[in-house]
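J.: I have a structure I would like to understand better, so I am pasting it below and will then ask my questions one at a time.
The values are calculated or read from the model by the stated rules, or taken from the named source; none is laboratory data. As the structure is a computational prediction, the values presented were derived from the model and not from experiment. No Cβ is skipped: glycine too gets one built from the backbone with ideal geometry, and neighbour counts run over all protein chains shown. Accessible surface is based on the protein model in full, side chains and every heavy atom, while ligands, DNA and RNA are left aside. Shrake-Rupley method; radii C 1.70, N 1.55, O 1.52, S 1.80 Å.
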Amino acid sequence: MPKKTVSFRTFGCKQNRYDTDFLRESFERKGFVVAEDDADVVVINTCAVTARSAQKCRQAIRAAARRGAKVVVTGCYPQIASDEVKEIPGVIAVSGVRERSRLADLVLEALETGAPVVEVKPHVAGEEFEETEVQQPDLTRAFLKIQEGCGDYCTYCIVPYARGPSRSRSPESVIREAERLVQRGYKEIVLTGTHIGLYGEGNLPRLVEEVGRIEGLIRLRISSLEPHDVTPELLDCLRLPNVCHHLHLPLQSGSDRILRMMGRRYDVALFMDIVGRARRVAPDLGLTTDIIAGFPGETEEDFRESLTVAREAGFSRIHAFKYSVRPGTRAAAFEDKVPEKVKEERVSALISLGRELSGAFHRRLVGRDFEVLVEDDREKDGLLAGFTRNYVRCRFSGEDDLKGKVISVTVQEAGPLDVTGSARR
Ligand code: SF4
């Protein structure tokens, strides 16, 4: 009998990309052949962080089913809405975030019996980190999952319900995988998780130091940190020679009143203090952020504060999100919802401010040399590209033998999205 083919589609964060890589390998081990498209089975690893992300996942599920594929849905969306997901025609298996290691077996069972399989375990206090080592396909940058879950319950956020309580991978296991990745030739490791500041109850700085000491690791990047988790010890990690000068600190709002309503654990003064201290350690720091527009009760004045703080912080990139109601969260019951049109206008204002600030940050780099880790794929226009240590996308012309290497590039032009330059030999 010919082997079944399977393809994968991933929505959401870096952690989901890591999980999909694990699923891809576990399906191969069970005899599936991974295909790009037109596969017999399509696995959709979902995101439910906003109403829009859940909607995009539903569209992808329906589109795959219309092509005649048997659809498997996993990840955050079924974890919070399995009944809704299993009713979508064409879905043969549904799992949450706690059944990754068994998903390929569940799919084989559904294919054999012809009966849909639904396995979504609820989260429980004290649940353990699910060990999932991954051979990653891209040989430049590897994502390494060190933690999962969050117990902060920000009032707008569905993630604690979808991902469950915080649990951390053991330092030994993290180091083992990091060493293996370095031996396989990876130049950069990105530490990822749902809320990695919770790693080992305050042990993230020690872990960063230990991974940073691995011989042969050229770059270590910390994916995203909640502002209140940025301790002096963590900022000291930016002094390590291979730790990237890039922090992603979600601001979410520049109004203290809204931050309190969001249940965030910092105020603007603390946020700006951290930014100032980080810049003293790393003057060229790339500082990226997420900002929500139109949280319930957000006035014009509150929103202007977000714009002002964003400008003062000098973000190198802003990810702007429209607030969307996530049923079951505390903010879903808040009154004084902001009209859709106003939310859209505010998101547009944030996007244009983001472009202006990125452009300004990029212009500061012109005429200087930066190390770029060259990616495997060429851009559509034939240029090579990669990221600098401070997370600026840099494009330049060059030969294929530069792929996968860290090279020096002189930045010549700055745009709002990236910079272009010339490779130094
Ligand atoms: S810290 Fe807040 S926003 Fe981040 S995952 Fe936890 S609850 Fe969600």
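J.: How far, in nm, would the chain grow between D83 and T113 when pulled straight, counting 0.36 nm per residue and subtracting the alpha carbon separation?
T.: Working: separation 30, 0.36 × 30 = 10.80 nm, distance 2.06 nm.
Extending this stretch completely gives an extra 8.7 nm.
J.: While we're looking at this one, here's another question. Please name which of L225, A385, A65 has its Cα lying farthest along the dipole of the chain towards the positive end, using unit charges on Cβ (Lys, Arg +1; Asp, Glu -1) and the Cα centre as origin.
T.: It is A385.
J.: Same structure, new question: Please list the equivalent ellipsoid semi-axes of the chain, computed as the square roots of five times the alpha-carbon gyration tensor eigenvalues, in descending order and whole angstrom.
T.: Numbers: eigenvalues 222, 162, 93 Å².
With the √(5λ) rule applied to the chain, the semi-axes are 33, 29, 22 Å.
J.: Let me check the size of the range 249-364 from its C-alpha atoms; what are the radius of gyration and Dmax in Å?
T.: Rg, Dmax (Cα atoms, Å): 14.3, 45.
J.: Once the convex hull of the C-alpha atoms of the range 125-244 is built, how many Å³ does it hold per residue, rounded to a whole number?
T.: Numbers: hull volume 12.6 nm³, N = 120.
Looking at the range 125-244, the number lands at 105 Å³ per residue.
J.: Given the pairs K56/K145; K56/K380; K187/K405; K56/K337, which span a C-alpha to C-alpha distance of over 18 angstrom in this model?
T.: In this structure, K56/K145; K56/K380; K56/K337 lie more than 18 Å apart at Cα.
J.: Would you work out the relative contact order for the chain, in percent, from Cα pairs under 8 angstrom that are 6 or more residues apart? Present the calculation step by step, with values, prior to reporting the outcome.
T.: Values: 870 pairs, mean separation 43.4, N = 425.
Relative contact order, the chain: 10 percent.
J.: Could you give the dipole magnitude of the chain about its Cα centre, charging the beta-carbon of Lys and Arg +1 and that of Asp and Glu -1, in debye to the nearest 20? Kindly include the intermediate steps, with their values, before the conclusion.
T.: Numbers: 64 positive and 65 negative charges, 114 e Å.
About 540 debye.
J.: I would also like to ask the following. Could you please report the charge total around L417, scoring K, R as +1 and D, E as -1 over all other residues with beta-carbon less than 11 angstrom from its beta-carbon? It would help to have the intermediate numbers written out before the result.
T.: On the way: positive: R317, R355, R393, R395; negative: D418.
Neighbour charge sum, excluding L417 itself: +3.
J.: Each label point is 7 Å from the Cα along the Cα-to-Cβ direction; what then is the distance between the points at D400 and R364, in nm?
T.: Spacing of the two 7 Å Cα→Cβ label points: 3.9 nm.
J.: Separate question: Could you compute the FRET efficiency for K341 and R206, with r as their C-beta to C-beta distance and R0 at 45 Å, rounded to 0.05?
T.: Details: r = 48 Å, r/R0 = 1.07.
Plugging the Cβ-Cβ distance into 1/(1 + (r/R0)^6) gives 0.40.
J.: Among the Cys residues of the chain, which have no other cysteine Cβ under 4.7 angstrom away?
T.: Isolated Cys, the chain: C13, C47, C57, C76, C150, C237, C244, C394.
J.: Using a 1.4 Å probe, what is the accessible area per residue for the range 1-150, in Å²? Write out the running numbers ahead of the final one.
T.: Working: 6860 Å² over 150 residues.
Ligands and nucleic acids excluded, the result is 46 Å² per residue.
J.: Let me ask you something else. Remind me, relative contact order of the range 272-425 in percent, using alpha carbon pairs under 8 angstrom and six or more residues apart? Don't skip to the end; give the middle numbers.
T.: Numbers: 258 pairs, mean separation 30.6, N = 154.
About 20 percent, as a whole number.
J.: Using a Förster radius of 22 Å, what is the FRET efficiency between D376 and R184 based on their Cβ-Cβ separation? Nearest 0.05, please. Write out the running numbers ahead of the final one.
T.: Numbers: r = 14 Å, r/R0 = 0.64.
The pair D376/R184 has a calculated efficiency of 0.95.
J.: Further question on the same structure: If you restrict to DSSP beta bridges whose two residues both lie in the chain, what percentage is antiparallel, to the nearest 5? Please report the intermediate quantities before stating the final value.
T.: On the way: 20 of 61 bridges.
Once the DSSP bridges in the chain are tallied, antiparallel ones form about 35 percent.
J.: With a ≥ b ≥ c the root eigenvalues of the C-alpha gyration tensor of the range 5-119, is it rounded (a/c under 1.5), prolate (a/b larger than b/c) or oblate?
T.: Details: a/c = 1.35, a/b = 1.19, b/c = 1.13.
Since a/c stays below 1.5, the shape of the range 5-119 is classed as rounded.
J.: Among the GluC sites (Glu not before Pro) within the range 322-354, which fall in a DSSP loop and have no more than 11 other Cβ atoms within 10 Å of their own Cβ? Could you put the intermediate results ahead of the total?
T.: On the way: sites: E335, E340, E344, E345; in loops: E335.
Those satisfying the criteria are E335.
J.: So which lysines pass the test for K121, namely a Cα distance under 19 Å, with those fewer than 8 places away in the same chain ruled out?
T.: Leaving aside lysines fewer than 8 places away in the same chain, those within reach of K121 are K86.
J.: Using only alpha carbon pairs under 8 Å that are at least six residues apart, calculate the relative contact order of the range 369-424 and give it in whole percent. Write out the running numbers ahead of the final one.
T.: Working: 120 pairs, mean separation 19.7, N = 56.
Over the range 369-424, the number comes to 35 percent.
J.: At what distance in nm do the modelled label points of T308 and A333 sit from each other, each positioned 7 Å from its Cα along Cα→Cβ?
T.: Once both label points are built, they end up 3.3 nm from each other.
J.: To continue, here is another question. When ranked by the protection proxy of mean other Cβ atoms within 10 Å per residue, highest first, what sequence do the peptides 110-116, 416-422, 179-185, 143-149 form? Could the numbers behind the result be given before it?
T.: Working: 110-116: 11.4, 416-422: 18.0, 179-185: 15.1, 143-149: 24.7.
By packing density, highest mean first, the sequence is 143-149, 416-422, 179-185, 110-116.
J.: May I ask for the equivalent-ellipsoid semi-axes of the range 347-425, computed as the square root of five times each C-alpha gyration tensor eigenvalue and listed largest first in whole Å?
T.: Working: eigenvalues 109, 36, 19 Å².
In descending order, the three semi-axes are 23, 13, 10 Å.
J.: Seen from all sides and averaged, what is the projected area of the convex hull of the Cα atoms in the range 1-63, in nm²? Each step should come with its number before you reach the end.
T.: Details: hull surface 17.8 nm².
One quarter of the hull surface, i.e. the mean projection, equals 4.5 nm².
J.: May I ask you to rank S397, S255 by accessible area, largest first, using a 1.4 Å probe over the protein chains only?
T.: Numbers: S397 85, S255 0 Å².
Output order, biggest surface exposure first: S397, S255.
J.: Mark the label point 7 Å from the Cα of V33 along Cα→Cβ and return the residues of the range 45-72 whose backbone N is within less than 18 Å of it.
T.: Residues 69-70 qualify, since their backbone N sits under 18 Å from the label point.
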